Amino acid sequence: MEEAARDLFVESGFEKTTVDEIARRARVAPATVYAVTGGKQGLLKTLIESRTSAPDVAEDYARIESQPDADTLLRFVVRATRERFERSAPLMRVIVTTAPHHENAAEALALANASLRGGLELAARRLADLGALRPGIDVEEATGRLWYHVCNASYFTLVDDNGWPLDKAEQWLYESLRAALLTR
């Protein structure tokens, strides 16, 4: 059901997608969609919950903690957020536009943002542990700067609004973060 819902939300938008369409595409009864997920609102939140608790999230956290130097860590953070953006951008566009109008979409967006911010705080702590942060930048400030550079809104701006290819956006984000955070 999740895959059917995700595809329909991206194709038609949240508002225009019906539970009957989700059920038809998932080959289940509409009652099953309601019983298992709470309807399309529940499915939207479930899509984000399953993504934020996927095994690769824990793997990325472990990789953040094991990076040997600041440059390698920043390159990893930018690459990982780019890859997540590539996979999730169509659905995140739906969630961002739906969030002001639906509580479950707002909750899903808050959950996605909290998950990313948690990973970025971990990266900021690792940078601090490495002694790599510029003077006057603490973990909280570093987390905010990381967030500003690699949240979905930044990728939407660079890729959608500026028309940049992801390779260019990734390189620019790495260089900008290096200048914004690191001592050398």
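Could you tell me what percent of the accessible area of region 64-184 is made up of carbon and sulfur, with a 1.4 Å probe and every protein chain present?
51 percent
For the chain, what does the relative contact order come out to in percent, with C-alpha contacts under 8 Å and a separation of six or more?
Rounded, it is 22 percent for the chain.
DSSP loop trypsin sites (Lys or Arg not before Pro) in region 90-155 with at most 10 other Cβ atoms within 10 Å of their Cβ, which ones?
none
Using the alpha-carbon atoms, what tilt in degrees (0 to 90, nearest 10) does helix 2-12 show relative to the longest principal axis of the chain?
Relative to the chain, helix 2-12 is tipped by roughly 90 degrees.
Rg(Cα) of the chain divided by 2.2 N^0.38 Å?
Dividing the Cα radius of gyration by 2.2 N^0.38 Å gives 1.15.
Using only Cα atoms, locate the centre of region 153-184 and the centre of region 105-149, then give the distance between them in Å, rounded to an integer.
16 Å
Please give the per residue accessible area of the chain, computed with a probe of 1.4 Å over protein heavy atoms only, in Å².
About 52 Å² of surface per residue is accessible.
With all protein chains present and a 1.4 Å probe, how do Asp138, Asp56 order by accessible area, largest first?
Descending accessible area places them as Asp138, Asp56.
Quote the accessible area belonging to Leu111 in square angstrom, nearest 10, computed with a 1.4 Å probe and with ligands, DNA and RNA left uncounted.
Leu111 has an accessible surface of roughly 60 Å² with all protein chains in place.
To the nearest 20 debye, what charge dipole does the chain have about its Cα centre, counting +1 at the Cβ of each Lys and Arg and -1 at the Cβ of each Asp and Glu?
Around 120 debye, computed over the chain.
The values are calculated or read from the model by the stated rules, or taken from the named source; none is laboratory data. Note that the structure is predicted; figures quoted are calculated from it, not measured. Cβ sites come from the backbone with ideal geometry, for glycine too, and all protein chains shown count toward neighbours. Protein only, heavy atoms only, side chains kept; ligands, DNA and RNA dropped before computing areas. Shrake-Rupley method; radii C 1.70, N 1.55, O 1.52, S 1.80 Å.
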